[in-house]
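First comes the structure, then the notes that go with it.
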Amino acid sequence: MKIDELWIGLIMRWGLWLSVFIVALGGSWYLMENGLQFIQYGAFQVPHFQWGEFFKFTPEHVIEWGLFILVMTQVLRVFFTLFLFMERKEGFFVIITFFILVVMIYSLFWR
């Protein structure tokens, strides 16, 4: 299969729209359950991400899935761009793109 800019553009477009749909779905669900609660901004804390809780089916986790798909869309874009440069035999860009891909994957798991 030949990889070109059209496929990379389609991956970006579909990944973005899928992510928007999932985040909107989770956000709407969250607002239906918690929309009338009073928010105490002084006690606001960002929850720490844990893989074990990633697969729960709650509004917060649906939103996290949408954001995860958004990030993974970018990783896939760089991954397919790497193969595009390999197909075109552009060694300099292969090295740079590979380095960017390694940094992106490392940053997903680094704490």
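Quick notes on this one:
- Long-range neighbours under 8 Å by Cβ, at least six apart or interchain, first residue closer than 19 Å to residue 67 by Cα and hydroxyl-bearing (Ser, Thr, Tyr) within segment 22-51, second surrounded by 10 or more Cβ atoms within 10 Å (Cβ to Cβ) and at pLDDT 65 or above: 30/59; 30/60; 30/63
- Selected residue (criterion: modelled with the highest pLDDT) from residues of segment 4-42 that are part of a loop (DSSP other than H, G, I, E, B) and of a type in the set (S, T, N, Q): 37
- Residue pairs meeting the criteria (Cβ under 7 Å; at least 6 apart or on separate chains; first touching a residue at least 24 places away in the same chain (Cβ under 8 Å), in segment 87-111; second hydrophobic (A, V, I, L, M, F, W, C) and surrounded by 12 or more Cβ atoms within 10 Å (Cβ to Cβ)): 87/3; 101/78; 101/79; 101/82; 104/75; 104/78; 105/75
- Restricting attention to segment 43-63 and to residues that are more than 16 Å from the chain's Cα centre (by Cα), modelled with pLDDT of 65 or more and assigned to a helix (DSSP H, G or I), the residue that is nearest to residue 109 (Cα to Cα) turns out to be 52.
The values are calculated or read from the model by the stated rules, or taken from the named source; none is laboratory data. Remember, it's a predicted structure, so these values are computed and weren't measured experimentally. Reconstructed Cβ throughout: ideal geometry from the backbone, glycine too, with neighbour counts over all protein chains shown.
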